[in-house]
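Data first, discussion second: the structure below is written as structure tokens.
The values are calculated or read from the model by the stated rules, or taken from the named source; none is laboratory data. Model, not experiment: these values are computed from the prediction. No Cβ is skipped: glycine too gets one built from the backbone with ideal geometry, and neighbour counts run over all protein chains shown.
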Amino acid sequence: MSDDIATTEVDEEEEAYVLGPRAISAILYAVEIDDRDKLIELMEPLHAADIADLLEQISAFDRSRLIRLYDREIDGEILSELDENIRDEVLAILSPQALAEAVREMDSDDVVDLVEDLEAEQQDAVLGVLEDADRVAVQRSLSYPEYSAGRLMQREVVMAPEHWTVGEAIDHLRATDEMDLPDQFYHITIVDPRLHPVGNVTLGKLMRSKRATKLMDIKEETFRIIPASQEEADVAYAFNQYHLISAPVVDDEGRLIGVITIDDAMAVLDEEHEEDIMRLAGVGEGSLSDRVLETTKQRLPWLAVNLVTAIAASMVIAQFEAALAQIVALAVLMPIVASMGGNAGTQSLTVAVRAIATKDLTGANVWRVIRREVLVGLINGMIFALVMGIVGLIWFGSPGLGYVIAAAMVINLVVAGLAGTVIPVVLENFGIDPALASGAFVTTVTDVVGFFAFLGLAAAVLL
């Protein structure tokens with residue numbers, strides 16, 4: 001068995017860099033035989049993100065054994081890439097020495113992201129291994145509200161006085177200890193004597209300019225200052241909207257206290273998009289690493305809401321029991337109207353929620369968007385009304401039934417377009433997350449209207 005596994009470890013070049021099934025099998029076999037040297041050899045070519053994926057994919061038992069064997073090789077970059085639930089588990093298993101080495105090499109914003117969701121005991125353990133200055137910086141960041149720029153920023157900032165030249169800035173960077181500079185930075189922030197940021201200079205312009213050039217003469221045209229209290233979602237929007245690479249963060253008095261870089265801003269944007277998708281499906285913020293009980297608790301409330309809305313739709317159907325008893329074809333065609341309305345409503349809803357999140361849907365254009373969605377619903381409704389009218393006539397040989405389902409289709413698709421746009425806008429105005437609550441309301445509207453329109457018209461026309 002060992003020979004078979006050995007021959008499939010990393011035979012092909014891409015297997016050394018892509019975390020495929022054979023690579024995972026080889027890694028787990030090294031863990032199984034307690035071969036630390038072989039484990040390090042197999043893990044060494046992997047990116048930190050790949051190692052994080054590996055830890056998230058394997059079982060809790062294998063994960064525990066791998067971490068204990070790999071231990072001191074786990075660094076801060078790997079911890080930053082891990083899902084929160086798995087990261088808590090990894091922190092609990094790591095030895096104090098390994099934890100200290102991993103945390104000390106992380107930037108302050110990554111440490112804040114690491115500790116902000118930990119239990120108090122684990123939080124104290126992580127903060128305890130930091131140098132005094134680093135610990136104070138992290139604690140100050142933690143004093144800002146959750147999901148604010150103060151939590152997102154890193155404290156390591158490269159700054160220069162406004163009177164400096166390019167040569168002075170370069171000499172300063174060369175003379176500064178590598179440990180005192182951020183791992184990644186894109187700008188030098190120019191500050192006045194009161195530490196108020198007044199501009200940014202990109203490293204590219206710095207290296208292309210002559211030494212005697214004033215920094216103020218080559219500062220970026222696009223320059224935005226981020227208040228520490230600003231919500232991180234608004235920060236991510238500003239980076240995306242104005243094509244920022246980094247931006248200084250200031251306190252209430254306008255003094256420079258940190259910087260936010262594009263990688264952190266885009267991570268927030270990705271999280272916002274993922275949350276919107278998950279909430280539209282009614283599954284909250286769950287992940288594949290969540291336990292069964294946690295996942296059940298997240299999904300149960302929205303399943304309950306769907307049950308209530310289904311009962312409401314059923315009550316509408318019950319009002320037309322006599323019509324259903326006399327014309328069986330109504331029961332056959334009824335779900336088609338509701339289903340088409342639900343799909344059309346979901347399409348409009350998805351567009352509206354996305355536009356609200358990106359601030360493209362505002363009070364200035366909301367009525368134009370609503371009108372567009374209603375007209376789209378009307379046109380689609382007329383097209384499918386023609387189709388279903390013909391189907392009703394051919395299938396059941398009843399022209400009246402064809403007219404009824406055609407009219408109901410038009411009504412429900414128009415209402416779907418209206419509800420899919422108006423409901424998220426109204427919820428947003430009331431301070432309710434439209435991605436979280438809109439789906440249940442839109443489904444209820446399209447079901448109730450679809451059933452009522454179809455059965456009501458049938459009762460009036462066919463009986």
- Message: Looking at (1) among the polar types (S, T, N, Q); (2) over 23 Å from residue 448 (Cα atoms); (3) buried (at least 21 other Cβ atoms within 10 Å of the Cβ), which one does residue 358 not meet, given that it meets all the others?
- Response: (3)
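Pick out the one residue from 453, 435 that is in a helix (DSSP H, G or I), at pLDDT below 85 and at negative phi. Let's see the steps before the verdict.
Working: 453 fails: at pLDDT below 85.
Selected residue: 435, the only one of 453, 435 that is in a helix (DSSP H, G or I), at pLDDT below 85 and at negative phi.
So if I check each of 402, 439, 420, which one is of a type in the set (Gly, Ala, Ser) and more than 30 Å from the chain's Cα centre (by Cα)?
Values: 439 fails: more than 30 Å from the chain's Cα centre (by Cα); 420 fails: more than 30 Å from the chain's Cα centre (by Cα).
Being of a type in the set (Gly, Ala, Ser) and more than 30 Å from the chain's Cα centre (by Cα) holds for just one of 402, 439, 420, which is 402.
Listed here are the residues, each with its yes/no results for (1) within 22 Å of residue 182 (Cβ to Cβ); (2) out of contact with any Lys or Arg (no Cβ under 9 Å at 6 or more places or on another chain); (3) among the small types (Gly, Ala, Ser).
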position	(1), (2), (3)
85	no, no, no
92	no, yes, yes
105	yes, yes, no
108	yes, no, yes
119	no, yes, no
123	no, yes, no
128	no, no, yes
131	yes, no, no
147	no, yes, no
- Can you name every residue in region 73-114 that is modelled with pLDDT of 80 or more and either basic (Lys, Arg) or outside the structural domain of residue 138 (by TED's automatic domain parsing) (or both)? 87
- Note on the structure: Flagged in region 63-81 as in a loop (DSSP other than H, G, I, E, B) and β-branched (Val, Ile, Thr), in numbering order, are 74
- Query: Can you list the helices (runs of 4 or more DSSP H) found entirely within region 82-128 that contain at least 1 residues being of a type in the set (Val, Ile, Thr) and surrounded by fewer than 20 Cβ atoms within 10 Å (Cβ to Cβ)?
  - Reply: 84-93
- Query: What single numbered condition from (1) surrounded by fewer than 15 Cβ atoms within 10 Å (Cβ to Cβ); (2) at pLDDT below 80 fails to hold for residue 332?
  - Reply: (2)
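Which residues, counting only those in region 207-241, are farther than 18 Å from residue 272 by Cα and of a type in the set (Ser, Thr, Tyr)? Before you say what the answer is, go through the steps one by one.
Of the residues in region 207-241, the ones farther than 18 Å from residue 272 by Cα are 207-229.
209, 213, 222, 229 - these are the residues of region 207-241 that are farther than 18 Å from residue 272 by Cα and of a type in the set (Ser, Thr, Tyr).
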- Message: Considering only residues that are under 17 Å from residue 363 (Cβ atoms) and either assigned to a helix (DSSP H, G or I) or in contact (Cβ under 8 Å) with a residue 60 or more places away in the chain (or both), which ones fall in region 415-432?
- Response: 421, 422, 423, 424, 425, 426, 427, 428, 429
- Query: Any chance region 117-125 includes a residue that's within 23 Å of residue 184 (Cβ to Cβ) and among the acidic types (Asp, Glu)?
  - Reply: no
